[in-house]
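To keep things clear, I will list the structure first and then write my remarks on it.
The values are calculated or read from the model by the stated rules, or taken from the named source; none is laboratory data. A quick note: this is a predicted structure, and the numbers were derived from the prediction, not measured. Using ideal geometry, Cβ is built from the backbone for each residue, glycine included, and neighbour counts are taken over all protein chains shown. SASA here: full protein model, heavy atoms, side chains in, ligands and nucleic acids out. Shrake-Rupley method; radii C 1.70, N 1.55, O 1.52, S 1.80 Å.
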Amino acid sequence: MFARFALAAAALVVAPVALARQAKEAAAPTLKAGMPAPALTVEKWVKGSPVASFEKGKVYVVEFWATWCGPCIAMMPRLSALQRDYKDRVTFIGTNIWERKYDEGTFAVVEGFVAEQGERMAYTVAYDGPAKAMDASFMKAAGRNG
């Protein structure tokens, strides 16, 4: 009887540890520094020339933002300055993700926000949309949530 209780108690201790390990492994990033970038899969291009794919030998900076994100908005002028400074060598792509709601008017809100920014947002801008393909292939794959 004591042996059965000891085994059952051991199982109670091991089970949460095993579950935690499984959860950690499931959340482990599949996209890491040095790996090839995933394909660009955006719903719509909002501003600038659409980028069909990453070209070998060219440099791209893909950043993610939302209309409600204060730090994202604060960085827009700096990214614009970097785009101007490195226009011949780097393509900056600001990708809108994680809007608080997605409905038929969401793209119009994002498009209006980008237009309102004007030269504060002087680089290529993409809209991920409700499919969240860029969120999945870049952010979630890299284990990032902000």
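Things worth noting here:
- V90 of a type outside the set (K, R), surrounded by fewer than 18 Cβ atoms within 10 Å (Cβ to Cβ) and touching a strand residue (DSSP E or B) at 6+ places or on another chain (Cβ under 6 Å): yes
- Total residues in segment 115-129 satisfying the condition of being under 21 Å from the mean Cα position of the chain (by Cα), open to solvent by 10 Å² or more (accessible area, probe 1.4 Å) and of a type in the set (A, V, I, L, M, F, W, C): the figure is 1.
- Number of the condition not met by A108 [criteria: (1) within 23 Å of R84 (Cβ to Cβ); (2) over 17 Å from the mean Cα position of the chain (by Cα)]: (1)
- For the condition among the small types (G, A, S) and modelled with pLDDT under 95, A142 qualifies.
- Just one of the listed residues (K101, K24, K56) is at pLDDT below 95, assigned to a loop (DSSP other than H, G, I, E, B), open to solvent by 70 Å² or more (accessible area, probe 1.4 Å) and within 23 Å of K132 (Cα to Cα), and it is K101.
- Summed over segment 122-138, the residues that are in contact with a strand residue (DSSP E or B) (Cβ under 6 Å, 6 or more places away or on another chain) and assigned to a helix (DSSP H, G or I) give a count of 1.
- For segment 130-146, the set of residues classified as open to solvent by 40 Å² or more (accessible area, probe 1.4 Å), of a type in the set (A, V, I, L, M) and in contact (Cβ under 8 Å) with a residue 12 or more places away in the chain consists of A131 only.
- Which numbered condition C72 misses (of (1) more than 14 Å from the chain's Cα centre (by Cα); (2) surrounded by 14 or more Cβ atoms within 10 Å (Cβ to Cβ); (3) part of a helix (DSSP H, G or I)): (1)
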